[in-house]
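The next block holds one structure in the form of structure tokens; read it before the comments.
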Amino acid sequence: MNGMEFAGHELARASLDHCVKCTVCETQCPVAAVTPLFSGPKFVGPQAERYRNGESVDHSLDYCSSCGICTLSCPQGVQIAELNSQARAVMKADHMPVRDRLIGQTTLMGKVMTPFAPIANAALGNKPIRTVVEKVVGVHRDAPMPPAQHQSFEGWLKKRTAPTAKPTRGPLVFFHGCAGGYFEVETSKRAVEVLEYLGYEVIVPKQGCCGLAQQSNGLFDSATASVLKLCDQLRSAGQGLTIISASGSCTGMLKHEAHEIMGVTDDRLADVAVRTRDIMEFLLELHEAGELPTDFRRIDMTVPYHAPCQLKSQGIGMPAIEVLRLIPGLTVVESGRACCGIAGTYGLKKEKYEVAQAVGRPLFDMVRQTNPEFALCDTETCRWQIRKGTGAQVEHPIWMVHKAYGLSD
Amino acid sequence: MTRVVVIGAGIAGLTTCLRLAAAGAQVTLLTKGIGGLQLSQGTVDIFGYAPHRVGCPLEAVGDVARDKPDHPYAVIGAEAVRTGAEFLRDAVGPDLLTGDVGSNHQLPTAVGAVRPTCLAQPSMIAGECRDGARFTIVGLRQLKDFPAALIAGNLARTVLDGGGRMSARHVVVDFPARDGEADSSGLVYARAFDDEGFRGRFAELVASLVTDGEVVGLPAVLGLNDRSAWRDLADRIGHPVFEIPLPPPSVPGMRLNETLTAAVKAARVRVVLGSRVTGVDAEPGRVRAVSIAAAGGPRKFAADAFVLAAGGFESGGLVLDSYGRVSETIFGLPLAGLPEAPDELVVGEFWGAEQPLFAVGVRVDERMRPLGADATPVYANLHAAGGVLAGAQRWSEKSGEGIALGSAVRAADAIVEESE
């Protein structure tokens, strides 16, 4: 069965009848809180699902950002977000906007922009160009965009002086994701340096996109192809090795979303899913096993931390907070806000941009009040959104670990 | 430092976490979803009916402890209930819970009944049902869960315990929370009432409809984040106002849940939301670890002590299958209160008699450790609190929060004591 058949006919219906209409999901939904355009997860999810028979009954469904807070907070275990992502894919199947096809091509975007970084950055900062892009493609003129980098992560790996010390802890696979390969290159570098500092041999196989952006836009066939190709690439690095990533949302795609939303049951995915760890989750596991050196340098700083939706929805808590609390002097303040608004590619779209900004506003205020200069967040698009919304430097939590080990100032 | 895993994020789980963390334990909270506290009325019931209307809940707890050896209060005792209720009240602060643990308020419900409850939110207190009270119940045309005419009608025909009466009338105003919205949830209204301008316009309208000496009853939607919104509204109207809790989404329940959850996080409890506990690693007499079904595979949590606060039937902590078999879903604990035959679980008139089904649960010792058939603890380091405890008719006694708080205190204090 392909992904669309799964979405159209199977759905997460096994969980549907567990809904007791308690409204917990309604109260947590960050989109319904700011716009009447979305009627809320319970209404478009477990309720509307009963009436769907090939036809969509509630088009406000398209305003769901797929943040996943509804599933995460449901006390009855109903897979509300998964139901909604599937129903949206079916609803859009016969009239998929060109914009939604393009916007999921994240690797392509990085490949095209990196060699022309100055030009690309100038174009992204250029109001008339962005206005044309908005009119023609449907990407909002003010939507946050990553700055193109002069060097890709792969380029850095090739040119750097590899560590000379012999690994003491064995090999790990590093999965950088599209953004970590082309835009958030510095985070990937620091992640690898921390792992090497801990004594691991870090293997970085050639790798493509996980397909998350295609999945969230309802392009299940291409997303399934992407994620399986990636599984092959990651598996090629060695059997049974732990796969570490600093891309919180791509990790979620591998761990559960491809399986739960698109019905991918391939053994290759299952194998990768159980071996994948978010880097902060991995460090916390080491700490709990008594294997994480905690001779951290003191960092006197108060820093806001926002746990991204796609990391929260992995059901592992907030490992970054636990790890960063080990650093003396560092005070980490959890945002306590549901979502930054961007939700992958949602907040880029011209019709959703204002909604996404409204969703993010309480978080932006929290960041400004806590530390207007510097904040932490585990996923790339969320960082771009928070940077744009606050003007603060927003980095991955691994930056603090890197610094606390004395690997950077 | 003692490591404790607490399972469940309702009032029992959250209170246990906070009390353990305050005593210096290293606490991890595992929860499938957001707990039931936010679905509650945002008040604390200790004992409401015995079966007469109770004025002094702790006295009733003492009576039950003496007369009903199978009731959870028999092992919890009135003192732990008092400690738990006061601990919660102090933890969330006077902006959220007020009252004397020794006496019940009598407050109107959303169908105009008079409900005994012990601690209530300050925004509800002006609704105290006493002889000579004069209420105007103000309904909102766009809020369907608040039938103002029914509430006022029922309050007006109620004869209070001492023989007193209240007068009550109703008005319904046309005041949408959002332009053009004909049917809004209480939550949408609560967010609107957080806005000062919205409150100002509403107060002006209501002020024109009430007469001297009337107390204004409103749906419990007077602000979600702004805890003084109701006070501001009362000042603007120039009359005392009170909130009447609605069916979920319950705004007072959300206020309580969010404040208590924030306190738990601030106390450095590690909160893992969204993963069900699916595995138990135990040796005879002792639990070593539990595992959760996180994305991608199970994750194990080892600890020195465990607290089962996953609730009863409403949350899936207890389940009843189609053969009439009841089971506890996480540890598979032995259950007490089961009748001889499965068809005796639900008896007679549903709303009349005590229902054996609702009293099914785990029986515990004074340290809240679940007991086996031989009356000894199943595991030396497993404790239980809240809705999973056997022996109570919480829905008719109105004893749910009292049992949760008392057992939370007993369980947490036992763990702390054992670690010393």
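Throughout, read-outs are computed from the coordinates displayed, never taken from laboratory work. Note that the structure is predicted; figures quoted are calculated from it, not measured. With ideal geometry, Cβ positions are generated from the backbone for all residues, glycine too; neighbour counts draw on all protein chains shown.
Under Stokes-Einstein, with the Kirkwood radius over Cα pairs as Rh, the value for the protein assembly as shown at 25 °C and 0.890 mPa s is 86 µm²/s. Among A:Lys352/A:Lys388; A:Lys135/A:Lys388; A:Lys158/A:Lys255; A:Lys349/B:Lys32; A:Lys255/A:Lys403; A:Lys255/A:Lys350, which pairs are too far apart, with a Cα-Cα distance over 26 Å? Pairs exceeding 26 Å: A:Lys158/A:Lys255; A:Lys349/B:Lys32; A:Lys255/A:Lys403; A:Lys255/A:Lys350. Among A:Phe43, A:Phe296, B:Phe193, B:Phe47, the ranking by other beta carbons within 10 Å of each residue's beta carbon, starting with the fewest, stands as A:Phe43, A:Phe296, B:Phe193, B:Phe47. Our summary gives chain A a relative contact order of 17 percent, counting only alpha carbon pairs under 8 angstrom and 6 or more residues apart. Helix-only arithmetic for chain A: the sum of -39500 (n - 2.57) across DSSP H runs with n ≥ 4, divided by the residue total, places the mean residue ellipticity at 222 nm at -12000 deg cm²/dmol. Arranged from fewest to most other beta-carbon atoms within 10 Å of their beta carbon, B:Tyr323, A:Tyr51 become B:Tyr323, A:Tyr51. Largest first and in whole Å, the equivalent-ellipsoid semi-axes of region A:366-409 read 20, 12, 7, each the square root of five times a Cα gyration tensor eigenvalue. Within the same chain, aspartates and glutamates fewer than 8 places from B:Lys144 are excluded, and of the rest, those with a Cα less than 13 Å from its Cα are B:Asp174, B:Glu181, B:Asp183. Measuring between their Cα centroids, region B:158-211 and region B:275-290 lie 50 Å from each other.
When you work out D = kT/(6 pi eta Rh) for region B:143-251 at 25 °C and 0.890 mPa s, using the Kirkwood radius from C-alpha pairs as Rh and the Stokes-Einstein form, the result is 168 µm²/s. Counting 0.36 nm for each residue step from A:Gln151 to A:Arg325 and taking away their Cα separation leaves a gain of 59.4 nm. Basic side chains Lys and Arg get +1 at the Cβ, acidic Asp and Glu get -1 at the Cβ, and with that the dipole of region A:294-404 about its Cα centre reaches some 240 debye. Between B:Asp161 and B:Arg288, the C-beta separation translates, for a Förster distance of 51 Å, into a calculated FRET efficiency of about 0.45. Spin-label model, A:Ala93/B:Asp195: points 7 Å from Cα along the beta carbon direction are separated by 4.0 nm.
The mean count of C-beta atoms from other chains within 10 Å of the C-beta of residues in B:265-271, rounded to a whole number, is 3. Farthest towards the positive end of the charge dipole of the protein assembly as shown, among the residues B:Phe175, B:Thr16, A:Ser152, is the Cα of A:Ser152, using unit charges on the Cβ of Lys, Arg, Asp and Glu.
The dipole here belongs to chain A: it is taken about the Cα centre, uses +1 on the Cβ of Lys and Arg and -1 on the Cβ of Asp and Glu, and is about 1020 debye.
Put a plus charge on the Cβ of each Lys and Arg, a minus charge on the Cβ of each Asp and Glu, and nothing anywhere else: the dipole of region B:198-268 about its Cα centre is then about 440 debye.
Per the Debye calculation on region A:152-302 with a single equal scatterer at every Cα and no solvent contribution, log₁₀ I(q)/I(0) for q = 0.21 Å⁻¹ amounts to -1.37. Per residue, the convex hull around the alpha carbon atoms of region B:300-348 comes to 110 Å³. Under Stokes-Einstein, with the Kirkwood radius over Cα pairs standing in for Rh, what whole-number D in µm²/s applies to region B:249-320 at 37 °C and 0.692 mPa s? Taking Rh from Cα pairs, D becomes 225 µm²/s.
Put simply, the C-alpha atoms of region A:9-92 give a gyration tensor, and the ellipsoid matching it has half-axes of 17, 16, 10 Å, longest first.
Pairwise Cα distances in chain A exceed 39 Å in 14 percent of cases. Overall size of chain B from C-alpha positions, given as principal axis extents largest first: 70, 45, 42 Å.
Bridges between two residues of chain A, per DSSP, are antiparallel at a rate of about 5%. Bridges between two residues of the protein assembly as shown, per DSSP, are antiparallel at a rate of about 35%. For chain B, the longest principal axis of the C-alpha atoms and the axis of helix B:251-266 are separated by about 40°. Most simply put, chain B has about 45% antiparallel DSSP beta bridges, counting only bridges with both residues inside it.
With the simple model of a label 7 Å out from the Cα in the direction of the Cβ, B:Glu86 to A:Ala162 spans 6.8 nm. If I take all pairs of Cα atoms in region A:300-409, what percentage of them are more than 25 Å from each other? Across region A:300-409, Cα pairs with separations above 25 Å total 18 percent. Mean per-residue shielding of peptide A:314-324 is 5, counting Cβ atoms of other chains within 10 Å of each Cβ. Principal semi-axes of the equivalent ellipsoid, √(5λ) from the alpha carbon gyration tensor of region B:225-384, are 36, 26, 15 Å from largest down. Once you list every other residue whose beta carbon is under 15 Å from the beta carbon of A:Gly125, what net charge do they have if Lys and Arg are +1 and Asp and Glu are -1? Residues near A:Gly125 contribute +3 overall.
With respect to chain B, whose longest principal axis is taken over its alpha-carbon atoms, helix B:11-22 is tilted by about 70°. Farthest towards the positive end of the charge dipole of chain B, among the residues B:Gly274, B:Pro356, B:Ala207, is the Cα of B:Gly274, using unit charges on the Cβ of Lys, Arg, Asp and Glu. Near the amide H of B:Val215, within less than 5 Å, lie the amide hydrogens of B:Arg134, B:Phe135, B:Thr136, all on another chain or at least 5 residues away, with H placed in the peptide plane. On the beta carbon distance between B:Ala74 and B:His52, with R0 = 22 Å, the FRET formula returns roughly 0.60.
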